[in-house]
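Everything on this sheet refers to the single structure shown next.
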């Protein structure tokens, strides 16, 4: 392996790490938006709990929000928040951090799309065309669709054009 290949490999590893973080952030952001849409302003304990959740918990909650009538029911009981401490890092201090950030943004968008598709599949029969529509959707469209999936009776209503 030559130096250029080694460098390309390092860059790709950094970007992939950011992508994975972005997927996680996208799923969490989608769930928080839906919780606030459905239940109103969120107590900090719920925000912190989502922020510190693992993949299995997020998957569980993104399914439960479709059917549960209270925020407590979505989470399955009382919430015990874990603290999150800001590292105080400045953004884009290095090329590696910039690459990681780019990967994180890409991953966040994919995470939002994957969460929406999972929720659509939970409620409706989802065609390949609908999946393609989600993956081609803009961030603004995803925002609208992730709120509509909570209350719309049909897949067509979720994707209808905004008036």
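No lab work stands behind these numbers, since they all come straight from the coordinates. Bear in mind the structure is a predicted one, so any value in this text is a computation, not a measurement. Here Cβ is always computed from backbone atoms with ideal geometry, including for glycine, and neighbour counts include all displayed protein chains.
Some observations on this one:
- Listed peptides 123-131, 23-31 by packing density, highest first (mean Cβ within 10 Å): 23-31, 123-131
- Förster-model FRET efficiency, 22 Å R0, residue 157 and residue 121, C-beta, rounded to 0.05: 0.85
- Reducing the range 108-125 and the range 1-64 to their Cα centroids gives an inter-centroid distance of 14 Å.
- The stretch between residue 64 and residue 110 holds 14.5 nm of extra length on full extension. This uses 0.36 nm per residue minus the Cα-Cα distance.
- With Cα atoms as the point set, the radius of gyration and Dmax of the range 104-148 evaluate to 10.0, 30 Å.
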